[in-house]
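To start, the structure itself, in structure tokens.
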Amino acid sequence: MPGSAEDKKAFWSRFSLKFTAGWGSRIPIGDVNDSLKSFNENKVFQFHRQRETGRVVGEIKTLDDQISHWEAELRFDLTRRISLGIATSAPIHKRNESSVTYTILGWAGPQIMTWTFRPEIKVSYPIRLSAYYTLPIIRRLSISVGAGAGIYPAEIFLPIKYEEIPPSGGYYSGLSSSDAKRALALGFHGNVVLEYFFADRLAFVAEFQQRSIRIRGFKGTYSAKDGYVDIKTRGTLYYFSMWNPLIAARHNNLEVWERIGDYSDTDVHNPREAVLDLNGYSIRLGLRIKAF
């Protein structure tokens, strides 16, 4: 027997839409920014900057770590106390370009070297699933506690251009890039939501959300090209400490290898899978609109 109009109305009235926006923490970003900072602040560059020798010009900048804090959620009430929600929030897209030039003064004359970094990270609109338990406080006022998991598709691009003017003159340049992504990265979150219904179907919402999102296992391609070589390798993005013979200093780096240990004769320490760190929290205000 088909359901009555009242039954259908009762079913749809269990749905609601929540829109919130507000403030929150910066994202750590993690290994991408750590490697940029480590290159820029290696011991040789710091030595020349502190003594103002003029042999280090410019700096490598880290990615901006501020993000937008908003969320839209469709919620369904299974019972008066238990609800399920599916939500999305702002994507993340950070990129910049910066250069540093280092000059070595040798017996044959100066060797001028310039590195230009163009790092970029992308995190598409995430899909978050949550379960909530709601407790009434007073009439029209309630508090919900929720937790869940989300999918955060992410990409990392790390192009580096190297340019050199040797003591004998002339010009040399090379471009390398590690480009990797993770399509099904998981993150976890917890929510506390305070709601006050000032109308039958309209509520004011105050929400706190804590997120735990550390993405690893990025797969992609490393490519390098100059006047002599053209290399392309597929594998996993790794983070490691390396000795840079051009600078005569150690710094951290990111690079795609087919397997751990696939690197040149450069002195490499402590390789591990690279991590994109999106941990943080947000405090948001907004509205919940219940279906008719």
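Relative to its Kirkwood radius, the Cα radius of gyration of the chain gives an Rg/Rh of 1.16. For the set K94/K225; K122/K219; K43/K161; K61/K181; K61/K94; K181/K232, the pairs lying more than 19 angstrom apart at their alpha carbons are K94/K225; K43/K161; K61/K181. Extension gain for I127 to L202 (0.36 nm times residue separation, less C-alpha to C-alpha distance): 24.6 nm.
Annotation for A10 and L246: the two label points, set 7 Å from Cα along the Cα-Cβ direction, are 7.2 nm apart.
Quick note: the coordinates plus some simple rules give every number you see, no bench work behind them. Owing to the predicted nature of the structure, the values given are computational and were not obtained by experimental measurement. Note: ideal-geometry Cβ built from the backbone for every residue, glycine included; neighbour counts use all protein chains shown.
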